[in-house]
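Q: I'd like to ask you about the structure that follows.
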Amino acid sequence: MSHDAPDLEKLTAAPGSTPDTRGARTPARRDRARLAAAGIVGALIAAFAIVNLNDVKVHWLLTTGQTPLIIVIAVAFLLGMLVDRLLIRARRKRR
């Protein structure tokens, strides 16, 4: 191949990027998008929890009691995150 011929990587690279940094830009955008989405979801959950400050009757595993709904929402959210992480870990082990 001649040094004067255009390089295939340069032809397929996105405008304004170099072949070495093109692959590095995509994960950074993906990470920013995930961070933004997580921030929006977190803000919505926080707003929902703050609006629901009333005490509710909760049947815990061993006892029943009055608990602020914000605590119930937070516990449910944290348990959901824990289950999600455990499922992701189990899926990665299978591969």
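The values are calculated or read from the model by the stated rules, or taken from the named source; none is laboratory data. Not measured: the values here are computed from a predicted model. All Cβ positions, even for glycine, are placed from backbone atoms using ideal geometry, and neighbour counts span all protein chains on display.
Q: Of the residues that make up region 8-25, is at least one surrounded by 10 or more Cβ atoms within 10 Å (Cβ to Cβ), basic (Lys, Arg), modelled with pLDDT of 85 or more and out of contact with any helix residue (DSSP H, G or I) (no Cβ under 7 Å at 6 or more places or on another chain)?
A: no
Q: Among the residues of region 57-95, which ones are of a type in the set (D, E, K, R), more than 27 Å from Ala47 (Cα to Cα) and either modelled with pLDDT of 90 or more or within 18 Å of the chain's Cα centre (by Cα) (or both)? Lay out the reasoning, then the answer.
A: Step one: of region 57-95, the residues of a type in the set (D, E, K, R) are 57, 84-85, 89, 91-95.
Narrowing the set further to residues that are more than 27 Å from Ala47 (Cα to Cα) leaves 89, 91-95.
Listed by number, the residues that qualify are Arg89, Arg91, Arg92.
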